[in-house]
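Structure record follows, encoded as structure tokens.
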Amino acid sequence: MCGIIAYTGTKSAAPILMDGLRKLEYRGYDSSGISIINRKRIRTFKAAGKLLVLEDRLPDEIAGACGIGHTRWATHGAPTDINAHPHMDESARISVVHNGIIENASALRKQLENSGIICVSETDTEVLAHLLASHRGPLIDAVRSVLKKVQGTYGLAAIDKDSPGSIVIARNGSPVIIGIGDGEMLAASDMSALARHTREVIHLDDGEVAELTATGFTVTTLDAQPSTKSSSQLTSELEEYDKGGYSHYLHREIHDQDNVVLKTLRGRLDTRFSTAHLGGLNLHARDLLKFKRIKILGCGSAYYAGMAGANMIEELARLPVSAEPAAEFRYRNPIIEAETLYIVVSQSGETFDTLAALREVQRKGGFVLGIVNSVGSTIAREVNGGVYMHAGPEVSVASTKAYTSMLTVFALIALMLGRLRDMSPQRGSAMVHALDELPQHIKDTLQLEDQIEKIAGFMASATSTFYLGRTDAFPVALEGAQKLKEISYIHAEAYPASELKHGPLALISIDTPCLIILPDNELLPKSLSSLEEIRTRGAPTISITDADNEQIDALSDHVIRTPRVDSILKPIISGITLQLLAYHIALKLDRDIDQPRNLAKSVTVE
Ligand code: F6R
């Protein structure tokens with residue numbers, strides 16, 4: 001999604017803004033631009049395409065110590081030079097960058113046209129620049145007044161050539177974070193763009209407007225009432241935003257997972273009572289016992305993690321648990337019950353639909369826990385309690401380490417709830433032990449990479465594939481298929497293996513490689529018959545299993561044998577093999593793995 005960076009201080013702004021834009025690249029974008037104020041003049045440079053195109057257009061030196069920059073992911077209007085941000089008014093007095101969607105942009109555009117102002121771009125943002133310029137007086141007053149007329153979502157930053165050194169930012173539904181520097185101030189839509197300059201940050205809340213100068217800032221509401229804000233410290237290190245010697249962020253993050261799980265588990269396993277300690281729930285044991293059901297909400301991979309988590313909790317705590325895509329849930333007028341515990345799951349903590357679902361539950365009086373990675377994010381701040389994943393920043397657009405960390409948190413919640421209910425100390429102790437050993441098992445799984453790389457060639461020429469699994473293995477199949485689609489652009493359809501004969505068998509042929517997950521459990525004979533059904537139709541087969549079973553070898557072209565772990569943790573291990581497979585297939589197809597087409601990190605619009 002779009003990214004914002006803004007700087008005011010004493011240094012040359014252009015290199016700082018360009019560096020910030022580079023840090024925001026991972027979020028996905030199709031054009032970029034910067035505006036710098038110097039000597040009461042704003043100079044703007046923008047370009048469709050990659051940042052390199054913008055870089056080529058910049059003069060060697062651009063004087064000015066205050067400016068704004070943007071990476072755009074097209075929503076209103078094609079990705080062209082003209083539609084790229086920043087947008088200016090006709091007299092080039094105001095420049096503005098904006099994330100989000102102005103829903104009443106066409107009505108506002110008509111009003112502008114009636115007063116003789118013609119917009120040159122197709123964007124909703126340009127409307128803001130003209131409206132701001134129609135106000136005389138301080139920019140902050142203009143921003144407050146214009147935003148009262150705007151419907152929709154925004155994170156924005158604006159500058160006015162008549163107030164050099166000052167930047168006005170505002171937020172409604174799209175994140176903006178202030179970075180407090182030494183004699184300089186920054187703002188960005190994402191921590192990654194701030195980490196190099198400061199450790200001290202302030203998150204704007206919806207409905208807040210701030211003015212930044214080199215030496216300070218003020219935050220107020222749209223009605224000009226002062227807002228009291230406290231700063232927090234960045235939790236991630238600068239090097240966590242690098243590729244760490246790997247060629248892709250995705251590859252680094254897949255390989256980080258043993259370490260990530262170690263961090264997710266740190267201080268949370270309780271060997272004395274054979275349970276898990278989760279500090280931030282804001283619920284006592286007696287409160288937790290009151291819940292009769294659990295509902296898990298998330299989008300994309302976070303939803304699939306929720307499906308896997310539902311199975312874990314149901315199995316260990318014997319509570320009915322279901323997962324639902326957050327966007328579907330929020331639009332179907334859901335019944336919210338006091339006896340249901342709601343859990344929202346989000347890596348970024350900013351996904352619009354997940355946030356909207358959270359607010360809908362709270363509006364109806366429900367209690368919501370969050371499983372969130374990004375510390376201080378909107379979802380993290382708005383939930384009633386929660387568990388941080390501590391996975392570190394996830395830069396790759398395709399989620400891997402955050403997904404694995406989400407599953408690990410669900411295993412902890414399942415253990416904790418199980419031990420509050422009727423799980424025996426022996427089973428609890430076995431789970432604690434299994435979780436403790438999980439990082440090592442992940443390391444061992446990553447050792448399968450060479451074998452998986454060879455199998456990748458076998459799948460890379462396919463145009464359509466099937467991913468199959470039963471019960472616990474089905475969410476793994478969904479997430480594995482999602483990874484393949486996202487980064488290799490090969491069609492992959494996940495199905496419960498039990499459903500094959502109710503429809504999809506019609507499509508199974510020698511041209512549709514089928515990947516089937518067969519955990520060694522009581523359903524193995526059933527999964528084997530599914531494998532046989534596929535084989536009979538001549539489909540190439542890859543089996544992912546921890547079972548020592550000769551029939552699997554006889555029926556499969558390739559078998560990936562995973563380390564044996566506690567049954568609850570099997571989805572974590574098999575999931576990692578599918579991440580490696582998707583990565584190597586995409587590599588063979590020469591895909592742009594860290595910038596997959598049509599995808600953005602952190603979907604902050606509806
Ligand atoms: C897939 C992927 C997306 C996200 C989804 C939710 O690889 O990254 O499907 O999982 O957009 O994002 P968060 O977890 O930030 O709410």
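The values are calculated or read from the model by the stated rules, or taken from the named source; none is laboratory data. These numbers come from a predicted model, not from an experiment. Neighbour counts run over all protein chains shown; Cβ positions are idealised from the backbone, glycine included. With ligands, DNA and RNA removed, areas are computed over all heavy atoms of the protein, side chains included. Shrake-Rupley method; radii C 1.70, N 1.55, O 1.52, S 1.80 Å.
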Inset, instruction - For VAL345, work out the one condition from (1) within 12 Å of the ligand (Cβ to nearest atom); (2) open to solvent by 20 Å² or more (accessible area, probe 1.4 Å) it doesn't fulfil. - result: (2)
Inset, instruction - Hey, can you tell me all the residues within the range 144-180 that are among the β-branched types (Val, Ile, Thr) and either surrounded by fewer than 22 Cβ atoms within 10 Å (Cβ to Cβ) or within 30 Å of the chain's Cα centre (by Cα) (or both)? - result: VAL150, THR153, ILE159, ILE167, VAL168, ILE169, VAL176, ILE177, ILE178, ILE180
Legend entry - Of all residues making up the range 300-319, the number that are assigned to a helix (DSSP H, G or I) and within 12 Å of the ligand (Cβ to nearest atom): 6
Inset, instruction - Say whether the condition of being more than 30 Å from ARG330 (Cα to Cα), open to solvent by less than 10 Å² (accessible area, probe 1.4 Å) and more than 16 Å from the ligand (Cβ to nearest atom) is met by at least one residue in the range 587-597. - result: no
Inset, instruction - Could you check, for the range 251-273, whether at least one of its residues is part of a loop (DSSP other than H, G, I, E, B), of a type in the set (Lys, Arg), open to solvent by 40 Å² or more (accessible area, probe 1.4 Å) and touching a residue at least 24 places away in the same chain (Cβ under 8 Å)? - result: yes
Inset, instruction - Looking only at the range 484-494, decide whether some residue is away from the ligand (no atom under 16 Å from the Cβ), in contact with a Phe, Trp or Tyr (Cβ under 7 Å, 6 or more places away or on another chain) and closer than 23 Å to LEU581 by Cα. - result: yes
Inset, instruction - Could you pull out every one of the helices (runs of 4 or more DSSP H) wholly within the range 347-432 that has 2 or more residues that are under 23 Å from ARG266 (Cβ atoms)? - result: 378-382, 401-420
Inset, instruction - Only residues that are open to solvent by 30 Å² or more (accessible area, probe 1.4 Å) and not in a loop (DSSP other than H, G, I, E, B): list them for the range 49-80, please. - result: LEU52, VAL53, GLU55, ASP56, ARG57
Inset, instruction - Would you mind listing the strands (runs of 3 or more DSSP E) fully within the range 1-48 where at least 1 residues are of a type outside the set (S, T, N, Q), more than 21 Å from SER121 (Cα to Cα) and out of contact with any Lys or Arg (no Cβ under 8 Å at 6 or more places or on another chain)? - result: 3-8
Legend entry - Restricting the range 503-517 to residues that are touching a helix residue (DSSP H, G or I) at 6+ places or on another chain (Cβ under 6 Å) and either part of a strand (DSSP E or B) or among the small types (Gly, Ala, Ser) (or both), the residue that is surrounded by the most Cβ atoms within 10 Å (Cβ to Cβ): ILE517
Inset, instruction - Kindly indicate whether ASP141 is farther than 24 Å from SER32 by Cα, at pLDDT 95 or above and either charged (D, E, K, R) or buried (at least 20 other Cβ atoms within 10 Å of the Cβ) (or both). - result: yes
Inset, instruction - Have a look at GLY279, GLY244 and point out the one that is within 24 Å of the chain's Cα centre (by Cα), more than 29 Å from GLY100 (Cα to Cα) and open to solvent by 60 Å² or more (accessible area, probe 1.4 Å). - result: GLY279
